[in-house]
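Just below is one structure, and these are the notes that go with it.
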Amino acid sequence: MEGLISSRANPIRPYYVQENFLFLPKASLRLKTIGFCNKLEIMRNPKPFTSINASLHPLEASKENQFHNTLPSKEVLEVWQNTHAVCFDVDSTVCLDEGIDELAEFCGAGKAVAEWTARAMSGSVPFEDALAARLSLFNPSLSQVQDFLEKRPPRISPGIDELVKKLKAKNINVYLISGGFRQMINPVASILGIPVIHIFANQLLFGSSGEFLGFDRNEPTSRSGGKATAVQQLRKACGYRSLVMIGDGATDLEARKPGGADLFICYAGVQLRQAVAAKADWLVFNFKDLINALE
C-alpha cells in the first residue's frame, strides 16, 4: 500500500525496526535486521518516555474467596519458578487502562468503544470484528495519535516494573503480546526496558497525509486466537522449554493452547473477568505475589 507511514512486521520473520521508533520522518529511518529471540537487545538513543505511577484500591477479600485458584499448586509454582519466558498482556495488565478505549475517549468516542471492548474481552465477539468496529467509530488520524501519546502517558500497574526487573535478573525473557497497537505499546516497552523486538501487537496504518487507513490484518494479534498463534510461533522459533502467559482476558487464556503457554496466570488487579479467572492456572490480584514466588 503506497504512502504508508507505519511498517509491517511478521513474528516469524526478521523485524525491520526503527531505532527511534515513533513517527520518525521516512528520511531518518535506519533499518536493521534482527530477531526476537535475542537474550538482550540494546536500543540506542531511545526516545524517553515517562509513566504515571498509579495505585489501586485492593479488591475485597470476598472476591478472592470466590475462586479456588488464588493459591498456586506445587506444579504451577514449579513452572513459574523455572520458566524460560514470560509473555504479558498489556491493557488492564501491564497498564491500568485499555489503550484503545483511552484513545477513543481522547477522540470523543469513548463510551461506544468501551462497550465493544467489554464484549471483545469476554470472548463473545470475534476479536477482529470488535477491533474493526471500534476503530470505525472514530478513525484516529496520525496527528491525533501523536497528540494522545504526548498528553496521556502510560499508567503502569503497581508492581509490574519490579516484576519485570526480577524476571530479567533471573535471565527470563520478557515479551509483550497485545491486541493493542504498537504506537501505544512502544512507550510502555521503553519504560520497562523491554526490547521493541519483544513486542507482538497490532499496527495502525496511516496514509502519506496522516489519514487513518485501518490496521495491519497480517499481524496474528489482529484476530481471534492470535495471541495463541503468536506464543506458538515464539516458542517454536526460540525453542523455549517453558513459557508463561499473564493477562486478564479471554484472548490471553487462549494462549494456553497446545504448543503455546505451559501456564496461564490471570491478573485481576485491574479487571476481574469471572469466566477467565475461573479457568486460570493461577489467579493473582497483586504482582507482588508473583515476585515473592520467584524468591
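The values are calculated or read from the model by the stated rules, or taken from the named source; none is laboratory data. Nothing here was measured: the structure is a model prediction, and the numbers come from that model. Here the Cβ is made from the backbone with ideal geometry for all residues, glycine too, and neighbour counts use every protein chain on show.
List of remarks:
- Checking each residue in segment 238-271 for being at pLDDT below 95, hydrophobic (A, V, I, L, M, F, W, C) and in a loop (DSSP other than H, G, I, E, B) picks out no residue at all.
For every residue, the table says whether it meets (1) surrounded by fewer than 22 Cβ atoms within 10 Å (Cβ to Cβ); (2) farther than 15 Å from ILE177 by Cβ; (3) of a type in the set (Val, Ile, Thr).
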| site | (1), (2), (3) |
| --- | --- |
| THR221 | no, no, yes |
| VAL231 | no, no, yes |
| VAL244 | no, no, yes |
| THR251 | no, no, yes |
| GLU254 | no, no, no |
| VAL276 | no, yes, yes |
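- So TYR267, is it buried (at least 23 other Cβ atoms within 10 Å of the Cβ) and aromatic (Phe, Trp, Tyr): yes
- THR70 being of a type in the set (S, T, N, Q), under 19 Å from the mean Cα position of the chain (by Cα) and at pLDDT 95 or above: no
- Matching residues, segment 114-130, being farther than 13 Å from LYS227 by Cβ and either modelled with pLDDT under 70 or in contact with a helix residue (DSSP H, G or I) (Cβ under 7 Å, 6 or more places away or on another chain) (or both): ALA114, TRP116, THR117, ARG119, SER122, VAL125, ALA130
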